[in-house]
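Heads up: the structure comes next, in structure tokens.
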Amino acid sequence: MKARILQLLIMVLTIIFWSCNDQCKETRITRRLTRVTRSMAEIRQSLKAETPRAMKRPGKLYVKGSYLFINEVKEGIHIIDNSDTSNPRFISFIAIPGNGDIAIRNNILFADSFADLVSIDITDPVSPKEVGRFENVFQNGQFDGVWWGFSAVNGVIQDNAIEDYNIDFVTETVTTNCEENTVYPYLERYFDSFSGVASFNKAGSSAGAASAGNSSGKAGSMARFALENDYLYTVSQSNLHVFNISKPETPSNFSSTNIGWNIETIFPHEDKLFIGSSTGMFIFDNSNPAQPKQLSVFRHGNACDPVVVQDNIAYVTLRTGTSCAGTQNQMDLVDVSDGASPKLITTYQMQNPHGLSIDFPTLYLCEGEFGLKVFDATDKMAIDKNLISHFQNMDAYDVISLGKTLLMIGKDGFYQYDASDRKNLRLLSKIPVAL
């Protein structure tokens, strides 16, 4: 027995000695955070129209008539003339510190700017102008999985300054033992599941040109802003905010309802609002747009949760990674014909589903780094068996179907397809991100 123990001890020491002396070099990209405090006065003075700039970190996508509006995460909004779909043209940029979401009613663009909701006149898309501001309505938020919020002095919240973080990605070469190299990628993936990406956070009807009256635009499934009649709905991390925008330059009658935590997206459909969170889908009765009332919540495990609805079926994607945590990568189909009692129809396993759009019977699904998938959803019990096409070598985030045209945004840029033949999507144009 002693001999066996001694033999085992020698083996363990040999392994340790080998591990410590077998050196490997590895290139790692680490994220470094630098805390910054910015006065709200400075933030408010920084909103302005600028000449076009290259797209670097695209976020939300919005379309109104022949114009595209692409959020540059935390920086502002690109305005793009899409009259020629084969050659979309940048025409201006609205610098908006702390911007993550967009909605447009008539000629007024609504956007968040850290704590504020701003109204911007885009009658002339080349020269947009701020025309209104609702101050200090949003108390906190996230970009790149990192929180921002009002600063505090001796524990007392100050509403005149924001505490935020600048994020830099640093590439460095390190020397480690090879055993560590084997373990490190798994640790990196584990920690990344909590780090998050920007809270890139519906669908309305397609509209006329940006300068046309009495119309709204259309957003993707990742939207945190939604429009219905004379009301703008926004979701923060825990609240549903309602604004009366009958006078869009000056939103009024603000109300706020606490929903829970980790609220992510909002999608209006008929007389209901469908709100996605990391723990479930909330359904609100919106027959009285001024006072949405919660009907029910469809619970699921922890995962990011955008949702779209058509013909009383909610298509809900759940994914892991970033700030989503959890272990689920799937798409749930939920019967919402009775908003007070949603029922699961079926579940499909996916790779890493993000945003989606349904133009029945065609379902467009973004799979993050795994690309874009197109399904025939005619048979709701066999969608996974009816994959029409799979576009790979792209990082797909969100998608908007306009019938014969398909718009898609991802980490690597903006894609536009001719979708008149759903079995043979044809790329019309691509705007790549600037390297």
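Restricting attention to the range 38-72, the residues being outside any loop (DSSP other than H, G, I, E, B), among the polar types (S, T, N, Q) and open to solvent by less than 60 Å² (accessible area, probe 1.4 Å) number 2. Candidates in the range 386-404 are the residues that are part of a loop (DSSP other than H, G, I, E, B) and closer than 23 Å to Q349 by Cβ; of these, the one that is most open to solvent (accessible area, probe 1.4 Å) is N393. When we screen G98, G145, G155 for residues that are at positive phi and in contact with a strand residue (DSSP E or B) (Cβ under 7 Å, 6 or more places away or on another chain), the only hit is G98. For the range 88-110, enumerate the residues that are touching a Lys or Arg at 6+ places or on another chain (Cβ under 7 Å) and in a strand (DSSP E or B). Those that are touching a Lys or Arg at 6+ places or on another chain (Cβ under 7 Å) and in a strand (DSSP E or B): F93, A95, I102, I104. Taking L407, is it under 30 Å from R89 (Cβ atoms), part of a strand (DSSP E or B) and open to solvent by 30 Å² or more (accessible area, probe 1.4 Å)? In short, no. Inclusion of S127 among residues that are over 30 Å from L425 (Cβ atoms), modelled with pLDDT of 95 or more and not hydrophobic (A, V, I, L, M, F, W, C) is warranted.
Only residues that are touching a helix residue (DSSP H, G or I) at 6+ places or on another chain (Cβ under 9 Å) and surrounded by fewer than 20 Cβ atoms within 10 Å (Cβ to Cβ) were counted in the range 263-295, giving 0.
In the range 372-385, the qualifying residues are those that are assigned to a loop (DSSP other than H, G, I, E, B) and open to solvent by less than 20 Å² (accessible area, probe 1.4 Å), and the one that is farthest from G410 (Cα to Cα) is A382.
For the range 96-107, the candidate set comprises residues that are open to solvent by less than 10 Å² (accessible area, probe 1.4 Å) and farther than 13 Å from V73 by Cβ; within that set, the residue that is nearest to the chain's Cα centre (by Cα) is A103.
Being modelled with pLDDT of 95 or more and aromatic (F, W, Y) is a property that F114 has. The set of residues in the range 73-87 being outside any loop (DSSP other than H, G, I, E, B) and either open to solvent by less than 10 Å² (accessible area, probe 1.4 Å) or among the hydroxyl-bearing types (S, T, Y) (or both) consists of G76, I77, H78, I79, I80. Which pairs do you get when a residue that is closer than 18 Å to L402 by Cβ, found in the range 412-435, comes within reach of a residue that is open to solvent by 40 Å² or more (accessible area, probe 1.4 Å) and in a loop (DSSP other than H, G, I, E, B), reach meaning Cβ atoms under 6 angstrom, with the pair 6+ apart or on two chains? These pairs meet every condition: Q416/T85; A419/K404; S420/K404; L428/T85; L428/S86; S429/S86. Among the residues of the range 299-309, just one is crowded, with 21+ Cβ neighbours inside 10 Å and either within 12 Å of S341 (Cα to Cα) or small (G, A, S) (or both), namely A303.
The values are calculated or read from the model by the stated rules, or taken from the named source; none is laboratory data. If you're wondering where the values come from, they're calculated on a predicted model, not measured in any experiment. Cβ coordinates were reconstructed from backbone atoms using ideal geometry, including for glycine residues, and neighbour counts include every protein chain displayed. Please note that ligands, DNA and RNA were not included when accessible areas were found on the heavy atoms of the full protein model with its side chains. Shrake-Rupley method; radii C 1.70, N 1.55, O 1.52, S 1.80 Å.
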